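The values are calculated or read from the model by the stated rules, or taken from the named source; none is laboratory data. If you're wondering where the values come from, they're calculated on a predicted model, not measured in any experiment. Note that each Cβ is placed from the backbone with ideal geometry, even for glycine, and that neighbours are counted across all protein chains shown. These accessible areas exclude ligands, DNA and RNA; they are computed on the full protein's heavy atoms, side chains included. Shrake-Rupley method; radii C 1.70, N 1.55, O 1.52, S 1.80 Å.
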Amino acid sequence: MLEISDNGRTWLLTGPTSSYAIHLTDGEELLHLHWGPRIALADAEALAVRPLPEYWPFESPLDGHEEYPVEGGPRFVRPALSVRTDERRGTEWSFERYETEDDELRLRFGDGGLHITLHYRMRDDVVERWVTLDNQGAALELLRADSATWTLPDREDWRLSQLHGRWGAESRLARSPLTHGEKVIGSRRGHTGHQHLPWVALDTDATEEHGEVYGCALGWSGSWRIAVAQLPDARVQVTGGAGYDDSGLLRLAAGESFTTPVFAGLWSDGGFGGASRAWHAYQRAYVIPDADRDRPVLFNSWEATEFDISEEQQSVLARRAAAIGVELFVVDDGWFGTRTSDRAGLGDWTPNPDRFPSGLKPLAEYVHALGMQFGIWVEPEMVNPDSELYRAHPDWVQHQTGRKRTEFRNQLVLNLARDDVQEYLWERLDGLLSSAPIDYVKWDFNRCFTDAGWPGEPYPQRLWVDHVHALYGLLDRLRAAHPGVAFESCSGGGGRIDLGVLSRTDQVWTSDNTDPLDRLAIQHGFSQIHPARVMAAWVTDSPNAMLNHRASSLRFRFVSAMAGVLGVGGDLSLWSEDELAEARKWVTLYRDIRPMVQRGDLYRLRPPGGGLSAVQYVLGDETVVLAWLQAQSYGEPLPALRLRALDPTASYECLETGEIHRGAVLVHHGLRTGLRGDLDATVIRLRRI
Ligand code: DGJ
């Protein structure tokens with residue numbers, strides 16, 4: 001809901017539990033008034049007439065109060081907008097008008113020929129903000145154009161939550177006091193990065209289920225930056241957008257425009273758990289395509305066969321996968337060009353004739369005949385120097401004249417900002433998807449930008465932004481032309497996970513770390529912002545060959561992976577009949593609990609970290625608990641799990657044991673898991689009777 005004061009200078013957006021208010025002063029300063037619990041328009045108007053604190057001359061009264069601080073004038077905070085022309089730098093804007101369309105509010109400002117529009121849309125309790133810059137004057141350079149600045153209320157002792165990591169260890173939750181100055185996270189790598197998810201949360205005294213939490217998440221899959229500033233007077237501002245530095249984002253000639261990505265903000269008074277559930281519901285309703293369609297159980301060949309693949313050997317795996325109940329069979333890297341290792345073939349998107357003599361069609365049809373969907377792996381933005389593509393077009397990669405072309409994993413980055421590169425990729429990928437019945441594409445990205453040059457282009461740094469737009473354009477075009485095909489975003493595991501890529505992919509590859517214990521922490525962090533519906537998780541072989549050689553039971557591996565979109569990635573040709581039979585049981589159980597996991601509400605009952613950890617998913621009258629015991633110490637009895645979101649006056653039947661539990665007992669005294677020893681795990685289904 002959007003309400004506007006009679007004088008047209010105070011705007012109030014309201015969701016089911018929260019409100020967001022902005023005010024334009026008589027001096028044309030756009031001030032932030034409120035973000036928090038629901039308020040009435042009269043409350044916003046009362047806030048609008050409260051004078052700003054007097055601070056002159058060493059502090060600015062505007063700092064910490066402005067909705068979108070531009071560079072220049074009486075401000076010392078980090079500017080959200082920094083513009084340079086031949087004559088001057090900074091912005092002195094005046095208000096032009098406001099507009100509304102459906103549930104979107106637009107506030108239009110002008111500075112000479114540059115028109116700046118702040119966009120707002122409230123979707124449930126998530127405020128979506130973005131900015132458009134439309135240049136109708138002389139050429140200018142956008143040094144920085146953030147999507148939004150979020151202002152938090154005056155409070156003491158703010159805490160910052162963030163999701164940090166690296167390859168194989170993504171999205172680990174860290175929570176620490178916010179001290180004075182700025183905390184800056186981001187990526188200067190050309191993709192979202194393994195190091196930080198573009199999300200922060202701020203609270204003062206929240207717990208998992210109680211207290212106020214503010215969250216901000218950026219929808220951008222290239223380089224990005226979020227700066228969290230604790231200002232001198234207890235105010236906190238969070239500013240974020242595309243690009244890491246302020247050294248130049250784009251040049252806008254007369255008539256050109258730029259739209260920033262969306263920076264979404266959420267207030268919740270339901271603690272960290274309530275905030276996560278609101279983020280999950282928002283993404284399922286507004287971001288993720290077809291989120292009401294459950295994702296199938298997949299098999300992926302990567303850990304099983306790596307680059308050593310053939311049609312016959314994949315057919316053997318497919319038969320075994322079908323036998324344990326897999327629904328989607330994915331051939332990973334190694335099926336195309338001369339790709340028999342990571343040294344060659346990337347860029348040549350035609351099936352390797354030695355490995356697939358009649359193309360992918362026979363295998364795809366065989367997989368379909370076994371009752372499964374068929375998927376493939378691609379990494380379209382990259383090229384091996386040893387490839388037909390690179391030999392034909394060495395100028396198609398990002399590079400600078402006379403400088404080294406840095407190789408990571410023996411590959412270079414294609415300059416997707418070029419029209420000819422985009423067209424080549426479109427033709428190859430469209431042709432590929434038309435050549436065989438392919439239902440799924442895992443889209444990988446395995447190295448960061450290093451030599452982001454573009455010889456001959458007057459403003460080469462535009463490729464950082466244009467690359468992301470080209471990626472989005474290709475995904476959009478392929479989705480439109482092949483509506484039945486689902487896409488997974490992968491970047492060496494979880495290097496490209498953000499709201500931007502999630503609006504055009506169906507799931508993400510969470511991490512190359514498939515160790516089921518490490519995964520619990522990775523999944524715990526991931527769940528702070530993203531829902532299980534997109535969190536792909538595979539059961540692989542034991543001991544874990546990729547990372548740490550940790551041995552674990554099939555039970556522990558399955559229950560860990562069942563907390564997301566279940567997949568199997570082990571070498572099924574080596575699994576015994578007993579293991580295959582057990583795997584089939586777990587897959588059947590997953591298919592039973594899948595609606596709860598993929599569409600239900602998540603309650604994190606106990607975080608991972610040494611002992612017992614557990615999550616609970618709730619959908620309607622059904623609930624399922626997944627619990628893991630890392631290690632039991634001193635033979636001590638484990639705590640019972642106090643369940644959430646149950647009716648204390650109802651009774652619940654445990655589908656595992658047939659036992660009847662009273663809701664009040666489960667909620668107040670808890671459920672006993674019966675776990676023992678090390679690396680034990682269980683799934684407990686309960687149905688209201
Ligand atoms: C990195 C991915 O994260 C893996 O799952 C696998 O697809 C390899 N790339 C293949 O090269």
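Summary of computed values
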quantity	calculated
Residue under evaluation Glu303, criteria (1) more than 16 Å from the ligand (Cβ to nearest atom); (2) assigned to a helix (DSSP H, G or I); (3) surrounded by fewer than 22 Cβ atoms within 10 Å (Cβ to Cβ), criterion not met	(1)
Residue in region 659-678 that is under 22 Å from Tyr590 (Cα atoms), in contact (Cβ under 8 Å) with a residue 24 or more places away in the chain, β-branched (Val, Ile, Thr) and assigned to a loop (DSSP other than H, G, I, E, B) present	yes
Asp476, sole failed condition from (1) open to solvent by 50 Å² or more (accessible area, probe 1.4 Å); (2) under 18 Å from the mean Cα position of the chain (by Cα); (3) closer than 20 Å to Arg251 by Cα	(3)
Selection from region 1-24 of residues that are surrounded by 15 or more Cβ atoms within 10 Å (Cβ to Cβ) and not in a strand (DSSP E or B)	Ser5, Arg9, Gly15, Thr17
Residues within region 516-556 that are on the phi > 0 side of the Ramachandran plot and touching an Asp or Glu at 6+ places or on another chain (Cβ under 7 Å), tallied	0
Test for Asp246: is it away from the ligand (no atom under 16 Å from the Cβ), open to solvent by 10 Å² or more (accessible area, probe 1.4 Å) and not small (Gly, Ala, Ser)	yes
Search result, residues across region 92-126 that are within 27 Å of Arg235 (Cα to Cα) and open to solvent by less than 10 Å² (accessible area, probe 1.4 Å)	Leu105, Leu107, Phe109, Ile116, Thr117, Leu118, Tyr120, Val126
Counted residues, region 252-281 - those being touching a helix residue (DSSP H, G or I) at 6+ places or on another chain (Cβ under 9 Å) and within 30 Å of Gly569 (Cα to Cα)	1
In region 314-332, residue farthest from the ligand (Cβ to nearest atom) [restricted to those that are touching a residue at least 60 places away in the same chain (Cβ under 8 Å) and under 30 Å from Leu412 (Cβ atoms)]	Val330
Flag for Arg293 being outside the structural domain of Asp386 (by TED's automatic domain parsing), over 16 Å from Tyr366 (Cβ atoms), in a loop (DSSP other than H, G, I, E, B) and at pLDDT 95 or above	yes
Tally of residues being more than 19 Å from Trp267 (Cα to Cα) and aliphatic (A, V, I, L, M) across region 32-46	2
Selected residue (only one of Arg277, Arg355 is more than 16 Å from the ligand (Cβ to nearest atom) and open to solvent by 10 Å² or more (accessible area, probe 1.4 Å))	Arg277
Subset of region 79-92 (residues that are at negative phi, at pLDDT 95 or above and assigned to a loop (DSSP other than H, G, I, E, B))	Pro79, Ala80, Thr91, Glu92
Any hit, region 646-660, residues being within 22 Å of Glu208 (Cβ to Cβ) and surrounded by fewer than 16 Cβ atoms within 10 Å (Cβ to Cβ)	yes
Given (1) open to solvent by less than 10 Å² (accessible area, probe 1.4 Å); (2) away from the ligand (no atom under 16 Å from the Cβ); (3) touching a residue at least 60 places away in the same chain (Cβ under 8 Å); (4) closer than 19 Å to Arg188 by Cα, index of the condition Trp464 fails	(1)
Leu266 vs. criteria within 16 Å of the ligand (Cβ to nearest atom), within 21 Å of the chain's Cα centre (by Cα) and at pLDDT 95 or above	no
Qualifying positions in region 359-386 - open to solvent by 30 Å² or more (accessible area, probe 1.4 Å), in contact (Cβ under 8 Å) with a residue 40 or more places away in the chain and more than 16 Å from the ligand (Cβ to nearest atom)	Lys361, Pro362, Glu365, Tyr366, His368, Leu370, Gly371, Gln373
Residue within region 185-197 that is under 21 Å from Leu605 (Cα atoms) and open to solvent by 50 Å² or more (accessible area, probe 1.4 Å) present	no
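This table checks each residue for (1) touching a Phe, Trp or Tyr at 6+ places or on another chain (Cβ under 9 Å); (2) open to solvent by 10 Å² or more (accessible area, probe 1.4 Å); (3) outside the structural domain of Lys361 (by TED's automatic domain parsing); (4) away from the ligand (no atom under 16 Å from the Cβ).
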| position | (1), (2), (3), (4) |
| --- | --- |
| Gly402 | no, yes, no, yes |
| Leu412 | yes, no, no, no |
| Asp419 | no, yes, no, yes |
| Gln422 | no, yes, no, yes |
| Trp426 | no, yes, no, yes |
| Ser435 | no, yes, no, yes |
| Thr450 | yes, yes, no, yes |
| Glu457 | no, yes, no, yes |
